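The structure appears right after this line, and notes come after that.
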Amino acid sequence: MKAVTDHLPEDISPAGHDARALTDALRRKHPLVHNTRDEWVLLRHADVVAAALDDATFSSAVSAHLQIPNGLDGVEHDRFRAALDPFLTPEAIAPAEVAFAAVAARLASELPRGVAVDAVTEIGAVFAVRAQSAWLGWPAELEGPLVAWVDENHEASRAGDRERLAAVASDFDALIESVLAPRRGPEGTVIGDDLTAELMRVRVDGRPLRGEEIVSVLRNWTGGDLGSIALCVGVLVHGLADHLALQERLRAGVPDAELDAVIDELLRIDDPFVSNRRVTTRPVSVAGVELPAGAKVKLHWTSANRDEAVFGDPDGFDPDAHAADNLVYGVGRHVCPGRTLATVELRIAVRALLEATSWIGHADGLAAREVHPVGGWAAVPVVLR
Ligand code: HEM
């Protein structure tokens with residue numbers, strides 16, 4: 001990354017770095033940096049929030065690929081969100097909670113005791129895939145391919161290998177197609193009444209979604225769900241193993257709202273959903289730096305969530321004081337529509353782990369940090385008792 005300063009030019013590539021450690025060091029010196037991929041990376045809370053709120057200047061139309069609703073702007077974006085958000089309300093999600101609890105309880109009881117278990121791949125990824133399949137009505141046979149996809153997707157992102165990422169994306173489209181095909185009836189009709197079938201019946205502006213639009217929506221729902229939930233579980237289990245007194249307090253029983261606030265704060269301190277892209281629609285000044293129209297911009301949530309100017313000590317744990325400024329689920333027009341679903345899933349996963357154990361501690365053997373552009377932990381070996 002090339003730092004934006006007259007006196008202290010730096011040229012650091014983010015590749016291979018822990019996104020959190022790197023941006024902690026950069027943010028203290030620079031409000032934004034220009035990286036080796038010609039991206040302007042916004043590191044401070046105020047600038048990230050301002051850019052996310054000014055969506056007319058910071059457009060989300062960053063990709064040549066169809067991205068619904070992520071890559072849409074303005075009124076078109078609103079129309080898709082209005083049609084899709086009803087699938088993600090608390091009322092819409094409530095019926096799936098029993099299935100999530102069953103998935104979590106079964107997994108927690110099956111995990112081996114007294115030996116090292118990896119919280120990211122053996123707990124997080126497996127829980128995410130099973131919970132999501134229950135939510136969308138997908139068959140259990142997809143569990144193996146989906147878990148393998150989560151791993152391969154992280155691996156390809158880490159390697160920054162475009163060809164491999166394209167192959168991962170097309171594998172995923174094929175998986176989704178295998179789910180859609182049996183639900184397609186004659187003459188545009190849809191068979192079944194699960195959530196995937198309901199999505200296939202959605203209409204925007206009076207017309208049904210095209211096949212590629214449905215695939216794009218499912219890619220965004222599942223990408224948000226599978227990858228992020230697995231990484232979030234890793235961060236949360238690491239936090240529980242680090243803070244045994246907190247673990248004890250939560251195990252003794254706290255209301256949902258208190259547990260949710262603890263989870264949000266642990267994720268603020270180590271936000272595994274690292275960044276999102278934008279492109280400027282006009283020249284704009286950010287922290288005194290003039291960006292031209294067409295500049296590639298990154299909103300760095302992981303860095304903004306640790307900005308000393310807002311949170312003081314970035315690692316200071318204070319769920320109540322920090323809730324209003326927490327950016328784990330973004331802000332503005334593109335704020336995460338899956339927040340309630342993610343919150344419910346994470347709460348249920350953490351509760352099940354605490355209820356099925358009397359102690360969760362770090363295993364011998366080092367936990368390994370993820371590297372740019374993935375966040376959080378690649379491996380969190382823990383022992384359950
Ligand atoms: C813990 C897990 C999750 C985290 C940390 C997370 C975080 C975020 C963030 C920061 C954004 C803002 C993106 C932007 O401004 O460009 C976002 C958008 C989005 N998220 Fe999530 N998310 C999570 C889970 C989910 C789930 C479970 C779903 C759906 C099932 C979901 C679906 C989406 C979609 C569709 C968008 C794009 C919204 C738009 O562009 O209008 N996310 N998410």
Item to check | Residue within segment 345-356 that is near the ligand (Cβ under 8 Å from one of its atoms), closer than 20 Å to Pro90 by Cβ, surrounded by 19 or more Cβ atoms within 10 Å (Cβ to Cβ) and hydrophobic (A, V, I, L, M, F, W, C) present | outcome: yes
Checklist entry - Given the conditions (1) outside any strand (DSSP E or B); (2) in contact (Cβ under 8 Å) with a residue 60 or more places away in the chain, which single one is not true for Val117? => result (1)
Checklist outcome for this item: When every residue in segment 106-146 that is more than 16 Å from the ligand (Cβ to nearest atom) and touching a Pro at 6+ places or on another chain (Cβ under 8 Å) is compared, the one farthest from Arg347 (Cα to Cα) is Ala116
Checklist outcome for this item: Taking segment 357-379 and keeping residues more than 16 Å from the ligand (Cβ to nearest atom) and either among the β-branched types (Val, Ile, Thr) or closer than 15 Å to Ser228 by Cβ (or both) leaves Thr357, Ile360, Val371, Ala378
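Every residue, every condition in (1) crowded, with 16+ Cβ neighbours inside 10 Å; (2) closer than 30 Å to Arg37 by Cα; (3) touching a helix residue (DSSP H, G or I) at 6+ places or on another chain (Cβ under 9 Å), yes or no:
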site: Arg79; (1), (2), (3): no, no, no
site: Phe87; (1), (2), (3): yes, no, yes
site: Glu91; (1), (2), (3): no, no, no
site: Asp118; (1), (2), (3): yes, no, yes
site: Glu141; (1), (2), (3): no, no, no
site: His154; (1), (2), (3): yes, yes, yes
Item to check | Filtered residue count, segment 21-69, keeping only those that are within 16 Å of the ligand (Cβ to nearest atom), in contact with a strand residue (DSSP E or B) (Cβ under 7 Å, 6 or more places away or on another chain) and part of a helix (DSSP H, G or I) | outcome: 5
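Is it fair to say Asp271 is in contact (Cβ under 8 Å) with a residue 24 or more places away in the chain, assigned to a loop (DSSP other than H, G, I, E, B), within 11 Å of the ligand (Cβ to nearest atom) and charged (D, E, K, R)?
Spelling it out, Asp271 is indeed in contact (Cβ under 8 Å) with a residue 24 or more places away in the chain, assigned to a loop (DSSP other than H, G, I, E, B), within 11 Å of the ligand (Cβ to nearest atom) and charged (D, E, K, R).
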Next on the checklist: Quick test for you: out of Val126, Val120, Val147, pick the one residue that is within 17 Å of Ala99 (Cα to Cα) and of a type in the set (Val, Ile, Thr).
Outcome noted: Val126
Next on the checklist: Please count how many residues of segment 327-341 are more than 6 Å from the ligand (Cβ to nearest atom) and buried (at least 21 other Cβ atoms within 10 Å of the Cβ).
Outcome noted: 1
Next on the checklist: List the helices (runs of 4 or more DSSP H) inside segment 138-242, counting only whole elements, that have at least 3 residues being modelled with pLDDT of 85 or more and of a type in the set (Asp, Glu).
Outcome noted: 162-180
Checklist entry - Failed condition for Leu111, given (1) surrounded by 13 or more Cβ atoms within 10 Å (Cβ to Cβ); (2) farther than 23 Å from Leu88 by Cα; (3) modelled with pLDDT under 95, with all others met? => result (3)
Next on the checklist: What's the total number of residues in segment 293-326 that are among the aliphatic types (A, V, I, L, M), surrounded by 15 or more Cβ atoms within 10 Å (Cβ to Cβ) and under 22 Å from Gly74 (Cα atoms)?
Outcome noted: 3
Next on the checklist: Cβ-Cβ distance below 6 Å, separation of 6 or more or different chains: which pairs start in segment 64-80 with a residue that is farther than 20 Å from Leu299 by Cα and end on one that is part of a helix (DSSP H, G or I) and within 11 Å of the ligand (Cβ to nearest atom)?
Outcome noted: Leu66/Ser216
Item to check | Test: residue in segment 249-257 that is under 21 Å from Leu327 (Cα atoms) and part of a helix (DSSP H, G or I) | outcome: yes
Next on the checklist: Being β-branched (Val, Ile, Thr) and either within 7 Å of the ligand (Cβ to nearest atom) or over 24 Å from Ser63 (Cβ atoms) (or both) narrows it down to one residue among Val284, Val297, Val289; which is it?
Outcome noted: Val289
Item to check | Qualifying positions in segment 32-51 - out of contact with any helix residue (DSSP H, G or I) (no Cβ under 9 Å at 6 or more places or on another chain) and of a type outside the set (D, E, K, R) | outcome: His34, Asn35, Thr36, Trp40, Ala50, Ala51
Checklist entry - Taking segment 81-105 only, how many residues are in contact (Cβ under 8 Å) with a residue 12 or more places away in the chain, of a type in the set (D, E, K, R) and away from the ligand (no atom under 13 Å from the Cβ)? => result 1
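The values are calculated or read from the model by the stated rules, or taken from the named source; none is laboratory data. This one's a predicted model, so the numbers in the text were calculated from it and none came from an experiment. Heads up, the Cβs are rebuilt from the backbone with ideal geometry, glycines too, and the neighbour counts pull from every protein chain shown.
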